[in-house]
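Structure first, commentary second.
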Ligand SMILES: [Zn+2]
Ligand SMILES: [Zn+2]
């Protein structure tokens, strides 16, 4: 099964006709979360929606949910579906850089690895970079902008042949812009879930791609966008579908403004799914993410995680978790 990740702005007009997205109410959000009583007390506290988790907002006319009919995926649906989850044999997230990662607009690959390791609480391995020749992966010039793009399906077929035996998944990361089909404008990423490979592009994360001026701290802006895309696309590899319940890093995204408005974190529904798949210590996960955010002085994200950690161990329970 090949499933587009986050798709392009220029969609066929037929997609516009499905009717307005109806925001799930509190009942639907709690139903999506499922019965938390089977979880540990600490996890129950972390999964209970608090003021730091916002219900999903009404989409604007060009936003993902205005253009795509998505039913959402509850925790129970996730748990009962044939989902892709790591096991003893397939336990590593592998990242393969495809093409050049130059210093000016590209993330440091080690930063991507560290973020993914904190976010997914799994071994994350950087594979040697692959340098395709100019005509590989069915390149084209975007019909509107004239900018070079490569075809996701072609990259995915290549990655299938490079999947390491111990890989839970292999994600190609590239600074090349992507297109999934000649009719499409662009795509941020695409994954083949059955084959556990995917590709995502960071090309559009640089303001210079849009011919916008780079702000002073543009490297941090780019990295913030990069790791958000990486978390989202890798989340799909765990068979997490797009989230329609809360503001969440697993929300579909149709354009960069929409993607920028998404939070860096998983909502309680998606966090519970990922926890089911990986079985991590949710407190350690937040501590690892907090370290990454502090190191990069991402104060908003760092403060957000600190508030979650505070409620994981409320006063009187520190040092004595149930
Ligand atoms: Zn997606
Ligand atoms: Zn979510």
request  = Return yes or no: is residue 230 in a loop (DSSP other than H, G, I, E, B), touching a helix residue (DSSP H, G or I) at 6+ places or on another chain (Cβ under 9 Å), in contact (Cβ under 8 Å) with a residue 60 or more places away in the chain and under 19 Å from residue 156 (Cβ atoms)?
outcome  = no
task = Could you tell me which numbered condition residue 277 fails, if it satisfies all but one of (1) within 16 Å of ligand 2 (Cβ to nearest atom); (2) over 23 Å from residue 125 (Cα atoms)?
result = (2)
ask   = Right, residue 294: at pLDDT 95 or above and in a helix (DSSP H, G or I) or not?
value = yes
key: In the stretch 242-274, the residues that are more than 7 Å from ligand 2 (Cβ to nearest atom), closer than 17 Å to residue 49 by Cα and part of a helix (DSSP H, G or I)   = 268, 271, 272, 273, 274
request  = Run down 224, 204, 214 and say which single residue is under 16 Å from the mean Cα position of the chain (by Cα), more than 22 Å from residue 163 (Cβ to Cβ) and away from ligand 1 (no atom under 16 Å from the Cβ).
outcome  = 224
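Restricting attention to the stretch 60-100, report how many residues are assigned to a loop (DSSP other than H, G, I, E, B) and over 19 Å from the mean Cα position of the chain (by Cα). Talk me through it step by step, then tell me what you get.
As a first pass, look at the stretch 60-100 and keep what is assigned to a loop (DSSP other than H, G, I, E, B): 60-63, 68-74, 81-91, 99-100.
This time we only want the ones that are over 19 Å from the mean Cα position of the chain (by Cα), so: 60-62, 69, 81-82, 87-90, 99-100.
Number satisfying all stated conditions: 12.
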ask   = Does the stretch 154-174 contain at least one residue that is assigned to a helix (DSSP H, G or I) and within 18 Å of the chain's Cα centre (by Cα)?
value = yes
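Kindly evaluate residue 280 against the criterion of being more than 27 Å from residue 128 (Cβ to Cβ) and surrounded by fewer than 22 Cβ atoms within 10 Å (Cβ to Cβ).
Answer is yes for this residue.
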note = If we ask which residues in the stretch 106-121 are crowded, with 19+ Cβ neighbours inside 10 Å and in a loop (DSSP other than H, G, I, E, B), their number turns out to be 3
inquiry  = For the stretch 141-148, check the following and say yes or no: at least one residue is outside any helix (DSSP H, G or I) and under 18 Å from the mean Cα position of the chain (by Cα).
reply    = no
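Just to check your reading of the model, which residue among 230, 274 is surrounded by 22 or more Cβ atoms within 10 Å (Cβ to Cβ), more than 25 Å from residue 40 (Cβ to Cβ) and within 16 Å of ligand 1 (Cβ to nearest atom)? Please lay out each step first, then the result.
Numbers: 274 fails: more than 25 Å from residue 40 (Cβ to Cβ).
The conditions single out 230.
Here is a yes/no grid of residues against (1) under 21 Å from residue 238 (Cα atoms); (2) modelled with pLDDT of 50 or more; (3) crowded, with 16+ Cβ neighbours inside 10 Å; (4) within 16 Å of ligand 2 (Cβ to nearest atom):
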{"site": "1", "(1), (2), (3), (4)": "yes, no, no, no"}
{"site": "8", "(1), (2), (3), (4)": "no, no, yes, no"}
{"site": "16", "(1), (2), (3), (4)": "no, no, no, no"}
{"site": "20", "(1), (2), (3), (4)": "no, yes, no, no"}
{"site": "23", "(1), (2), (3), (4)": "no, yes, no, yes"}
{"site": "26", "(1), (2), (3), (4)": "no, yes, no, yes"}
{"site": "34", "(1), (2), (3), (4)": "yes, yes, yes, yes"}
{"site": "40", "(1), (2), (3), (4)": "no, yes, no, no"}
request  = Sort through 206, 181, 212 and tell me the only one that's buried (at least 19 other Cβ atoms within 10 Å of the Cβ) and farther than 21 Å from residue 87 by Cα.
outcome  = 206
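The values are calculated or read from the model by the stated rules, or taken from the named source; none is laboratory data. Everything numeric in this text was worked out from a predicted model, so none of it was measured. Glycine gets a Cβ as well: all are built from the backbone with ideal geometry, and neighbour counts include every protein chain shown.
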